[in-house]
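Just below is one structure, and these are the notes that go with it.
The values are calculated or read from the model by the stated rules, or taken from the named source; none is laboratory data. Here the structure is a predicted model, which means the values were calculated and not measured. Cβ: placed from backbone, ideal geometry, glycine included. Neighbour counts: every protein chain shown. SASA here: full protein model, heavy atoms, side chains in, ligands and nucleic acids out. Shrake-Rupley method; radii C 1.70, N 1.55, O 1.52, S 1.80 Å.
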Amino acid sequence: MYSLIVKDILIQKKRLLVCLLIIILMIFSFQNIGAAMFTACAGAFTYSLVMTACAYEDMNKSDIMINSLPVKKSEIVGARYVSIFIFFVIGSVVYYLCYVITGITRIPLKVYPLSPELLMGGLVSVSLIHGIYLPVFFKVGYVKSKMLNFIIFFGFFYGVSSLIAVIQHKTDLPLIKQLIEFVQSRGQIFLLMIMLGFVAVFMYASYLLSVRFYKQREF
């Protein structure tokens, strides 16, 4: 599995540089979206690298070669899931470095500081996007899942933005008010644990589904 993860990183050395520029451009462009800036930057960074890895694999027919090796299909699938979190960590580090650099150099850009809540929010977003997409990818491949890929990404991006806006402007609604009060009464640690548990369960279910589809797929 380790070799498969390293493979996904090495084949994208040039793409990594492009993704670094994507984060910088998004920081310039998203000065008015508040703390959601981190989720957008880290999400786009992770999404771009995962999708490129899937595209390269499909374009080069890597599945045929990999499946001829003594590697379990569950390990092939697992490597792709682990790479999601590795790319997310790299994107988070790049974002944090941008925050530090803008603070030291006094560049007139607003880069919102990281917090446990922002990190967890970004992790949930990345997990939902790829947890929905990867089972489809492992069942039908990159080309056939390409349209769904765009629908999930843009639908999720604008959907979450709209949901955040509604929550921010409709805090007086009984259901939202009760939810906010419940979370505040339990504390931030409780919320983080709930979100982490949700990510773990959701991604594990997605992984099992991907393994099942991949084992049934013919190459």
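With N as its number of residues, the range 1-148 has a Cα radius of gyration that, divided by 2.2 N^0.38 Å, comes to 1.13. A straight chain from V100 to I64 at 0.36 nm per residue would run longer than the Cα-Cα distance by 8.5 nm. Extension gain for V6-Q216 works out to 73.0 nm (0.36 nm per residue, less the C-alpha to C-alpha distance). Heavy atoms of the protein chains alone define the surface here; on that basis the range 71-159 has 48 Å² accessible area per residue at 1.4 Å probe size. Taking 0.36 nm per residue of separation and subtracting the Cα-Cα distance, full extension of the segment from I132 to V201 would add 23.5 nm.
Extending 7 Å from the Cα toward the beta-carbon at both L148 and A35 defines two label points whose distance is 3.4 nm.
The mean sequence separation of alpha-carbon pairs under 8 Å and at least six residues apart, normalised by the residue count of the range 1-137, gives a relative contact order of 37 percent.
Take the Cα of A55, step 7 Å toward its Cβ, do the same at M193, and the gap between the two points is 4.2 nm.
Annotation: peptides 100-108, 36-44, ranked by per-residue average of other Cβ atoms within 10 Å with the highest first, follow the order 36-44, 100-108.
Once Rg and the Kirkwood radius are both taken over the C-alpha atoms of the range 5-69, their ratio Rg/Rh works out to 1.13.
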